[in-house]
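Here's the structure we're looking at; comments come further down.
What follows is calculated from the coordinates using simple rules that are stated; it is not laboratory data. Just so we're clear, the structure is a prediction, and the values are computed from it rather than from any experiment. Glycine also receives a Cβ, built like all others from the backbone with ideal geometry; neighbour counts cover every protein chain displayed.
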Amino acid sequence: MNRWWLFLGVVLGVVLAGAGSGHAQVRGTIFGPDSRSYPVAIAPLKSLSTGAAGADIGTRFADIIGRDLTVAGYFKVLDRAAYLEKPDASGYTADTINFESWSVIGALALVKGAYTVEGDNLTLEARLFDVYQRKLLTGRRYHGPVAEVRRMANKFADEIMKQFTGDRGPFDSRLAFVSTRDSRLSEIYVTSIDEGDLQQLTKGQTVTKAPSWSPDSRSLLYTSFKRHNPDLYSIDLLSGRETVISQRQGLNLGGKYSPDGSLIALTVEDNGNSDIVLVDRTGKLVRRLTDNWAIDVSSSWSPDGKQIAFCSNRSGGPQIYVMSSGGGEAKRLTFTGTNNTSPAWSPKGDRIAYVSRLDGGFNLFTVKVDGSDVQQLTQGAGDNEDPSWSPDGRYIVFSSSRTGRRKLFVTDAAGATQVQLTHGGGDDTSPAWSRWLE
Amino acid sequence: MGKRLLGVVVVGLLFTFVGSGCSSSKKPGAGAGGGAGGVDETGLGSTGGSLDRTKKGLAPGDEGPLTDIHFGFDSYELDEPARTTLRDNGNWLKDHPKTKVEVEGHCDERGTVEFNLALGAKRAGAAKEYLVALGVAADRLTTISYGEELPLCHEHTEECWQKNRRAHFVVLGE
């Protein structure tokens, strides 16, 4: 866990020291539990249009980036009220920015930019500066419909993360989850990570569970009781079109697309007993993977598609197992704790997140795929369940009862930064983080 | 189609109240006497399955003619009280040979949604299997698992969890 902090610190040190200035002072690790978070100022973008059309876009862009970087941890987004330089009365290039006015409020990094609105078209330019170096670190120009300002901001947040850590951030993506916020039963909702465009996806007015994304992030699989049986459905996000994939008698549960999208791992039932099978995209049986008397649920594919982690009580209490997606014997992965569930294979491939019940409480853990190096991510803050990895493999979204009703939180893979994502009424559970949008 | 079925169930409820004037005697073996007239009244006694009841804003468990059985945490084993109840339920089913019953498996809130749906299926399956072993025709019994989704009791206590870990029997009619 400490290695990663060190890595981030080193990368940032290189970024800062690379410019070779005595101003850039790195005290200890910049990113990490013992360090101050990296202070960044995000100025509202300057409007280059005449007239009032889209007057709030510059502020919205800054708000979304601020929210993303707060979720990321590691950054301290400086309060806008403290900014001395006014966006519409100042420049957004290295030679026109008054960097003194940013360093005096403690900013080490600065986001500035400008935009133009013509009809429904938005052209937006965003830039990231090193305040001490007085230097442009990266810049991006985006063009699209005005409604896409959120995606532009999420993409630029990912670019900021790349500048500081070497790896693209996870924010140009979507989150699906189950919520009881609007109904007695549960429906599936979709939102961007900044929670700014929450949308209710299903309106089945029944029990609706376990959403998971297609690899292209355009559709979701889920289980619904709308026809008086837990059937597997797919819904296309753009058209809202819903299709039945599997309606076998009994459970059609926990459908998960293989990484190439050609197969679906699914729990089905035979007279009360659950087993995992592979079906094709139309629900036709391809291969039976488990065949025993025990409960077998919660499939999670390895990123190369060769293996599947799942939860089984074949040895007594529920434990995590790994098997080949081609069939054959399953190997037990978890040996500490008597109740381990919800495996989630990291997109980096090296670790599996899961939930362990200890002393009556549920908490998040990760373990290497060889079963070694168990790490606990949550502790002493309600029940913490339903892990799902971010597309970059650095974060895990999960549900927690730490504030009362279950809400979604994000933690980094070491458990150091934990930020609440969703708010409002009802219980939010079973989050699924999509891949990057393309 | 679902709505039509609901309508039938609601009408059935009215018949039950009008016909017997009382619903307190609907316990195993104490049904309304096995269709002495043209209509088997007890077959219509159900007020619907737990999901339909929840949709209508009612508590999921109705006071049907058959009694719930309960389970230990993470278990689908039928203990002695459960087997005794199943024998009573089996006798009622033998006395009402035309009725069909849906066995619902339910769990407490602890554990994952998916594991609990699978556990509920095990519970419903175990109850069905026992009834079949007692001589009830398998084609009279269907099963469905609702996992932890339709709790009877909403507090986070062992007393409440115990009530929620159940198999519930819904009389579907003939």
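Quick one: net charge around A:Lys112, please, counting Lys, Arg +1 and Asp, Glu -1 for every other residue with C-beta under 10 Å from its C-beta.
Net charge around A:Lys112: 0.
Can you pull the mean other chain C-beta count within 10 Å for peptide B:140-149?
4
Ranked by Cβ crowding within 10 angstrom, fewest neighbours first, how are A:Glu187, B:Glu159, B:Glu104 ordered?
The most exposed by this proxy come first: B:Glu159, A:Glu187, B:Glu104.
Quick one: length gained pulling A:Gln379 to A:Arg287 fully straight, 0.36 nm per residue minus the C-alpha distance?
Gain on extension, A:Gln379 to A:Arg287, equals 29.2 nm.
Using the beta-carbon distance between B:Lys98 and B:Lys56 and R0 = 25 Å, what value does 1/(1 + (r/R0)^6) give for FRET efficiency, to the nearest 0.05?
0.40
How many Cβ atoms of partner chains, on average, are near each residue of B:106-113 if near means within 10 Å of its Cβ?
Taking the mean over all residues of the peptide, I get 6.
Once you have the Cα-Cα distance between B:Val132 and B:Asp88, take 0.36 nm times their residue separation minus that, and quote the gain in nm to one decimal.
Gain on extension, B:Val132 to B:Asp88, equals 14.5 nm.
Grab the beta carbon distance between A:Arg184 and A:His143, set R0 = 56 Å, and tell me the FRET efficiency rounded to 0.05.
Taking R0 as 56 Å, the efficiency between A:Arg184 and A:His143 is 0.80.
I need A:Leu220, B:Leu150, B:Leu134, A:Leu333 ordered by Cβ neighbour count within 10 Å, fewest first.
Arranged by neighbour count, lowest to highest, A:Leu220, B:Leu150, B:Leu134, A:Leu333 become B:Leu134, A:Leu333, B:Leu150, A:Leu220.
Sorting A:Phe335, A:Phe99 on the 10 Å Cβ count, fewest up front, what's the list?
The order, fewest Cβ neighbours first, is A:Phe335, A:Phe99.
Quick one: divide the alpha-carbon radius of gyration of the protein assembly as shown by 2.2 N^0.38 Å and tell me what you get.
That works out to 1.12 for the protein assembly as shown.
How much length, in nm to one decimal, is gained on full extension between A:Arg80 and A:Asp260, taken as 0.36 nm per residue of separation minus their Cα-Cα distance?
Using 0.36 nm per residue and subtracting the Cα-Cα distance, I get 60.4 nm.
Return the distance in nm (one decimal) between the two label points of a simple spin-label model at A:Ser49 and B:Cys160, each offset 7 Å from Cα along Cα→Cβ.
Calculated label separation equals 5.1 nm.
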